[in-house]
Amino acid sequence: MALVIKSFCSGALCRAIRPELMLGRYSSTLQNVIPGNAVHNAEENVARNLSTKADVEENIKQFKKGNFETLPDPGLVEHFRARKQVVSNSLKEVTKEKDGYTLPHPIWLPDETHSVKITHKEPEGRMDVLAYYSIQAIRRTFDVFSGFTIGQRNETKWLRRVIFLETVAAVPGMVGAMYRHLASLRKMKRDHGWIHTLLEEAENERMHLMTALQVKKPSAFFRICVLVAQGIFVNFFTISYLISPRFCHRFVGYLEEEAVKTYTMCLKDIDMGLLANWATKPAPEIAVKYWKMHPESTMRDVILVIRADEAHHRLVNHTLSSLGPYDPNPYRPGQ
């Protein structure tokens, strides 16, 4: 036993104090299996990975003194310098693509944004009627309590309306996607493509909000109102989706019908002079990048593309409401 312990301790001490011996042992092993210049290259790689010869000698000296605080600076070692450069380049690429995190979404042409019409799908059955009149009640209540219909409309009223409504409009897509994702896991069945469309819708509505926030920053009281409304609506929509996804998609379809009406009214106010500065006010940079708009686009152009988005959500949700829960989603990513 004493002989074994002595042999083990001697080997460990040798490896700790004389790492170059281990390098020599590694080289001799390589010579048996790798011919020619490959051995020389391998020795260089191992030495480089350890550090420079001076660093090794300095480390051995400090080890013998019992000083373990001094270690080779990784920045002086070629291996680590190379890795640093690779990471740096990767970060540069990420920085270049920082605006590419968004999900696929439609990019509208000018003739498409100008051709959006106000449409309405007549309710069919009690479920549709309930969804339609629920939206009508919510809209009228919000119009009164927000003061939107009292007095003349102006930029403050419009921004308050847009910001608040978009914080609500971004909820259904996320709730629906979460429900279908969990249902797919629980039932161990495919989703047939619904999840990506619902997530795209949720993000698209959120980008409407991010754009409006570039024009106006909400007050603390406004944020509290959003917090309360979100808490109520998230719970309402989640429970409703658990009971009837068909009702929820029809509900959102009618909600988007009202959104198209709202943004059409906004465009009329811009043209009538109630929001005259929006006809010339430059579009926020986030909007230009997201919708790939012309650099000289204005806030009026932003309202046009947002209205086109809402018209698209109107069509998608009315379509999903008319499908069975396991029918394939007809909309591919970005459509």
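Read-outs throughout are calculated quantities, based only on the coordinates presented, and are distinct from any laboratory measurement. Keep in mind that this is a model prediction, so the values were computed, not measured. Note: ideal-geometry Cβ built from the backbone for every residue, glycine included; neighbour counts use all protein chains shown.
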Query raised in the report: Across segment 242-248, in residue order, what do the Karplus-derived ³J(HN,Hα) couplings come to in whole Hz, using 6.51 cos²θ - 1.76 cosθ + 1.60 with θ = phi - 60° and x for Gly and Pro?
Result: 5, 7, 8, x, 4, 4, 5
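Using 0.36 nm per residue, how much length does the chain from ASN154 to LYS117 gain when fully extended, once their Cα-Cα distance is taken away?
Separation in residues times 0.36 nm, less the Cα-Cα distance, equals 10.9 nm.
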Query raised in the report: Relative to the compact globular guide of 2.2 N^0.38 Å, what is the alpha carbon radius of gyration of segment 126-251, as a ratio?
Result: 1.18
Report summary line: The pairs in LYS217/LYS261; LYS216/LYS281; LYS157/LYS268; LYS261/LYS281; LYS216/LYS292 lying past 18 Å Cα-Cα in this model are LYS217/LYS261; LYS261/LYS281; LYS216/LYS292
Query - FRET E, pair MET127, VAL234, Förster distance 22 Å, beta-carbon r, rounded to 0.05 - result: 0.55
Report summary line: Once amide hydrogens are built 1.01 Å from N within the peptide plane, the residues lying 5 or more places from THR298 or on another chain with amide H under 5 Å from its amide H are ALA283
Report task. Among the trypsin sites (Lys or Arg not before Pro) in segment 258-335, which ones are in a DSSP loop with at most 15 other Cβ atoms within 10 Å of the Cβ? Mind listing them? Result -> LYS292
Query raised in the report: Given charges of +1 on the Cβ of Lys and Arg and -1 on the Cβ of Asp and Glu, with all other atoms neutral, how large is the dipole of segment 110-192 about its Cα centre, in debye to the nearest 20?
Result: 400 debye
Query - Mean shadow area of segment 179-326 over all directions, Cα convex hull, nm² - result: 10.2 nm²
Requested in this report: Add +1 for every Lys or Arg and -1 for every Asp or Glu among the other residues with Cβ under 11 Å from the Cβ of ARG180, and state the total.
Outcome: +3
